[in-house]
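The values are calculated or read from the model by the stated rules, or taken from the named source; none is laboratory data. Since the structure is predicted, the reported quantities are computational estimates derived from the model, not experimental observations. Glycine gets a Cβ as well: all are built from the backbone with ideal geometry, and neighbour counts include every protein chain shown.
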Amino acid sequence: MNTFCLTYFQSIMKFSLYFTIFLILLFYFFLPKETYAQDSWWPDKKYRNEQTRIKYFLCKRAFEDIAKGFSNSNINFINLYFDSEVYLNLISVEKGYYSSNQAGLLILDFLNYFPVNRVRYYRSHRNVKYAFAIGSYRYNKGAGNIELTFSVSLRYKNEKWLIDQINLY
């Protein structure tokens, strides 16, 4: 009886292992491409030194946090990168330089009026003092999805990447 239980237990464990591997492979092959190809907007480069690598890692993280803030309608991810003044162009209605508090309120109003479905970057560029990323902002309005062009530019100031402009048009 004891060997029967042991054999039975081993066969269940083997089956669960095969089933787990099957699920992982199924998930990997049928996962939408945009989910695991999301970093294609950020070309990886080799850097001359560790300090430069860290600088551009922080730049990429700033872009990701800003996109996360828009995706989750959470201004706390975005206002981490506000300087004292930010240029906003929100569908050409709210256009100009705003203080960080005003910019936060305007972005919250925008997010409430245009509830986001997806924020995605398509490409980016960076140099020593500036960086930008451009992509799309998709939202539902009425019976369908509407897609806006979404761009963010950052500038490097006091060893931190700060938002220079946010454009949604």
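Here are the numbers for this structure:
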item: Enumeration of residues in region 65-84 that are more than 19 Å from Pro115 (Cα to Cα) and surrounded by 14 or more Cβ atoms within 10 Å (Cβ to Cβ); result: Leu80, Tyr81, Phe82, Asp83
item: Whichever residue in region 137-167 is in a strand (DSSP E or B) and among the acidic types (Asp, Glu) and, among such residues, is nearest to Phe70 (Cα to Cα); result: Glu147
item: Residue list for region 102-136, restricted to those being assigned to a loop (DSSP other than H, G, I, E, B) and at pLDDT 95 or above; result: Lys129
item: The lone exception for Arg48 - which of (1) touching a Leu at 6+ places or on another chain (Cβ under 8 Å); (2) surrounded by fewer than 15 Cβ atoms within 10 Å (Cβ to Cβ); (3) within 19 Å of Tyr156 (Cα to Cα) it fails; result: (1)
item: Residues of region 86-101 satisfying the condition of being of a type outside the set (Gly, Ala, Ser), within 23 Å of the chain's Cα centre (by Cα) and surrounded by 13 or more Cβ atoms within 10 Å (Cβ to Cβ); result: Val86, Tyr87, Leu88, Asn89, Leu90, Ile91
item: Output for region 122-154, where each listed residue is closer than 22 Å to Val86 by Cα and without any contact (Cβ under 8 Å) to a residue 40 or more places away in the chain; result: His125, Asn127, Val128, Lys129, Tyr130, Phe132, Ile134, Ser136, Thr149, Ser151, Ser153
item: Residue among Phe4, Phe15, Phe70 that is modelled with pLDDT of 80 or more and part of a helix (DSSP H, G or I); result: Phe70
item: Lone unmet requirement of (1) over 18 Å from Ala131 (Cα atoms); (2) surrounded by fewer than 16 Cβ atoms within 10 Å (Cβ to Cβ); (3) out of contact with any Pro (no Cβ under 9 Å at 6 or more places or on another chain) for Arg53; result: (1)
